[in-house]
Amino acid sequence: MWGSRCRALLLGLLLQGCAGPRHRERRTEIPPDTVKLWGDMLGNELYTLVTKYSGSLLLQKKYKDVEPTLSIEEVDGLELVRKFSEEMESMLRRKVEAVERLVEAAEEADLRHEFNSSLEFEYYNSVRINEKDDNDNYVDLGNEFILEHNEHFNNLRVNTTLSNIQLPTNVYNKDPDILNGVYMSEALNPVFVDNFLRDPTLTWQYFGSSTGFFRLYPGIKWTPDENGVISFDCRNRGWYIQAATSPKDIVIVVDISGSMKGLRMTIAKHTINTLLDTLGENDFVNIIAYNDYVHYIEPCFKGILVQADRDNREHFKQLVDELQAKGVGTVNKAFIEAFKILKEFREAGQGGLCNQAIMLITDGAVEDYEHVFEKYNWPDKKVRIFTYLIGREVTFAQNVKWIACSNKGYYTQISTLADVQENVMEYLHVLSRPMVINHDHDIIWTEAYMDSALPQSEELFASQAQSLLLMTTVAMPVFSKKNETRAEGILLGVVGSDVPLRELLKLAPRYKLGVHGYAFLNTNNGYILSHPDLRPLYKEGKKLKPKPNYNSVDLSEVEWEDRDEILRTAMINGETGSLTMEVKVTVDKGKRVLFLTSDYFYTDISETPFSLGVVLTRGHGEYILIGNTSMEEGLHDLLHPDLSVANEWIYCITDIDPDHRKLNQLQAVTRFLTGEEPDLECDEELVKEVLFDAVVTAPMEAYWTQLALNMSKEYNGVEIAFLGTRAGLIRKNLFVGPEQMSNKKFLRYEEKESIFTMDHFPLWYRRAAEHLTGSFVYHVMTDDSPDGGQRPNVVTVSTAVSVTVHNKTAIAAVFMMDCKMSKIQLSENNNDKIRYL
């Protein structure tokens, strides 16, 4: 049932334990036929041992007995992906409706509010709440604010009845603009709470003001960094910038003439980097430097605009850092080059297809440039020009200001590094004016990200599946509706709500996808939103940190067998269809490769920039075993103490009602079936499957118990036997005490590879599924230590049990055992004897 190569490998591992140098010296003297005999005997003994203690033959017979009542259904991949897409669209639509209610409330509150320059108003400052002075009195803006741990919000201490206010360190917390904005936005509190009541799957909701304050619900305590600084500014976040402006084509033109040396060049570089930080993957950019001549800081990008994704932005920043000031500045040629690029992209229908702008960064302009604007930009003024005068010198201020004002732009002077952030952000208000005046409430969705603004503990990173830490944000702009300011196009801010990707993944349940199947999401730019092979974290010492470019991973980088980009192109275009590919899948942390044939099904998610893909593997994902049992019988067998179900799977929804959040999935299923919790919403199909699995596997309890009672006093190495089913059910039996287990983490949450998770079936299940029924897969356990050391005395063995009905075969269950083999003793007088010690 298993090859000579496997026998030789396992025998070699076991022979490593032979004691004494004399044995090592005699190995070369042992005849090959004798070694082969040992291998055959070892193989036979192992096969007999694992067949007996796994009980796989008994379960195979049990399935044979109930075969007349079984059916095997073929999975319709296109129908499945359409169903998942519709459910995701419905869920995301509820998030959009919550944001729309916030926009309406904020605009109405502003319409009713009259600005009061002497307004005094006490609000909850997220840094100061619950802080007291030396006299035990609450500090200014720091009154009592009740905080309680809430599992729905990553078990952080929050207040679900109120929001509170965060401000960056450089924004004065009692500035009249801040006080008036905070007072006006108090109207959002009841809307936050009502949204959460309507849709308990909502997480963080917030309003980012154009004046710099950030209203967050639920309210939370905000902690400064180690230097006592709050650097988070909502206006710098991707969701704010994308919602406040339309997609844009930007050419940054920077003066690197000799007069820009020293501090001026430092400020100019910081200005460019800050501008780059305001761009996203829907924007396009290039940077031109000029002195005696014009040159692109990246020659490979000459004459074009490139997508402002994270990789390109970081690349530009590295090149900007290398700029040096020398020569004489001639801005005209740089303007001409920038206008030509933008015109070519505009006429070719490329780029952002909306706003176009040139950002001029200089310490002065003395040339006659009016003829350049007449030829390339007037009278239509399709390109806005924003000018940033670097330094304290005001001699050229009028000229630089004229350039901006004559081209529908904005002028600002930046004298110090501290001025950069506020002055750069001004261009966003100018670009947003047409949207504000027309009241275009565009809905935007961001790429996947992990929000470092909110407190995230190391335990949170370590305990959750990496892909489940990611989220996307839905956001909309908030405009002033006052008649007297409507022509000015005043942007009040942006409202948004986070959508954890785990909420989307719940709508593509694992049991419908099979052993190696999975669902994934990508954006219309080709970037991965969620994928099992997207690993956004890396380990630095004992800490887990986000990788620099974790949210700009292209679909082609994870589905690399799609060499002709058929799948990628179809999903970017929002098409519906399918294709088949031969793929290689790594398991066991990249140590092993499986060769599979996979069917890909894909479609778009309406009203979003996202597409959904579903992968089903031939032989496993295409068929589902359907059995029948009564609720009473299933419930009886479900209550065995050594039975568990996949707690990351959604048998019943427990995160809506706070009273249900304390229940694990097995408790929720049993309470639903017994009628103790009739309000629980459960997946009836999955519950039905797990009830059948509980009944059909019930005889294993008595079988393993009898084996344990009759075990020889001589220890044979078997520590645990267990089985898992496609419905996520696990039965197990310990043949030794828990303290004697070689791997105490096995089948526990700490060792996620060995359990059913939202990301994957267990490793032992996936490996056994690739072998014929009746064959056994042996796996030498390895440590998680940095050197990846082996534990050759522990071997896990797994085997699959399948069922065939009308020539269709489906995997019903997978057995596994943990065996400990201390060493092998070879008898000197009788070399055909092998004994386990």
| query | What tally of residues in region 633-661 results from selecting those that are closer than 22 Å to Asp679 by Cβ, open to solvent by 70 Å² or more (accessible area, probe 1.4 Å) and at pLDDT 85 or above? | reply | 2
| remark: Scanning region 423-445 for residues that are out of contact with any strand residue (DSSP E or B) (no Cβ under 9 Å at 6 or more places or on another chain) and open to solvent by 50 Å² or more (accessible area, probe 1.4 Å) gives Asn438
| said: Go through region 121-132 and report how many residues are surrounded by 15 or more Cβ atoms within 10 Å (Cβ to Cβ) and not in a loop (DSSP other than H, G, I, E, B). | reply: 1
| Qualifying strands (runs of 3 or more DSSP E) (wholly inside region 193-264; at least 2 residues being under 28 Å from Arg128 (Cβ atoms) and among the polar types (S, T, N, Q)) | 205-209
| Does any residue in region 267-284 that is outside any strand (DSSP E or B) come within less than 6 Å, Cβ to Cβ, of a residue that is charged (D, E, K, R) and open to solvent by less than 10 Å² (accessible area, probe 1.4 Å) six or more places away or on a different chain, and which pairs are these? | Asp283/Lys248
| Of all residues in region 45-68, which are of a type in the set (Ser, Thr, Tyr) and either touching a His at 6+ places or on another chain (Cβ under 6 Å) or open to solvent by 70 Å² or more (accessible area, probe 1.4 Å) (or both)? | Tyr47, Thr48
| message | I need every pair where a residue in region 163-190 that is surrounded by 16 or more Cβ atoms within 10 Å (Cβ to Cβ) has its Cβ under 7 Å from the Cβ of a residue that is part of a loop (DSSP other than H, G, I, E, B) and of a type in the set (Asp, Glu), sequence separation at least 6 or different chains. | response | Pro168/Asp233
| field | region 712-755, residues that are open to solvent by 10 Å² or more (accessible area, probe 1.4 Å), part of a loop (DSSP other than H, G, I, E, B) and closer than 29 Å to Ala519 by Cα | value | Arg726, Lys745, Phe746, Leu747, Arg748, Tyr749, Glu750, Glu751, Ile755
| task | Considering only region 270-300, state which residues are open to solvent by less than 60 Å² (accessible area, probe 1.4 Å), under 31 Å from the mean Cα position of the chain (by Cα) and closer than 23 Å to Ala348 by Cβ. | result | Leu279, Gly280, Glu281, Asp283, Phe284, Val285, Asn286
| Top-ranked residue in region 586-620 [being among the acidic types (Asp, Glu) and outside any strand (DSSP E or B); ranked as farthest from Met471 (Cα to Cα)] | Asp588
| message | Contact list please: Cβ distance under 6 Å, first residue in region 312-325 and modelled with pLDDT of 95 or more and of a type in the set (D, E, K, R), second residue part of a helix (DSSP H, G or I) and surrounded by 15 or more Cβ atoms within 10 Å (Cβ to Cβ), pairs at least six apart or on different chains. | response | Lys317/Asn273
| note | Over region 192-213, the set of residues within 19 Å of Thr472 (Cβ to Cβ) and touching a helix residue (DSSP H, G or I) at 6+ places or on another chain (Cβ under 6 Å) is Asn195, Asp199, Thr201, Leu202, Gln205, Phe207, Gly208
| request: Output the residues belonging to region 76-122 that are more than 27 Å from the chain's Cα centre (by Cα) and within 30 Å of Arg726 (Cβ to Cβ). | output: Asp76
| field | Filter result for the condition that a residue is touching a Pro at 6+ places or on another chain (Cβ under 9 Å) and open to solvent by 20 Å² or more (accessible area, probe 1.4 Å), over Ser118, Ser90, Ser71 | value | Ser118
| query | For region 347-381, what are the residues that are in contact (Cβ under 8 Å) with a residue 40 or more places away in the chain and not hydrophobic (A, V, I, L, M, F, W, C)? | reply | Gln350, Gly351, Gly352, Asn355, Gln356, Thr362, Asp363, Gly364, Tyr376
| request: Go through region 473-508 residue by residue and tally those that are under 25 Å from Glu97 (Cα atoms) and part of a loop (DSSP other than H, G, I, E, B). | output: 8
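The values are calculated or read from the model by the stated rules, or taken from the named source; none is laboratory data. Remember, it's a predicted structure, so these values are computed and weren't measured experimentally. Using ideal geometry, Cβ is built from the backbone for each residue, glycine included, and neighbour counts are taken over all protein chains shown. Side chains included, ligands, DNA and RNA excluded: accessible areas come from the protein's heavy atoms. Shrake-Rupley method; radii C 1.70, N 1.55, O 1.52, S 1.80 Å.
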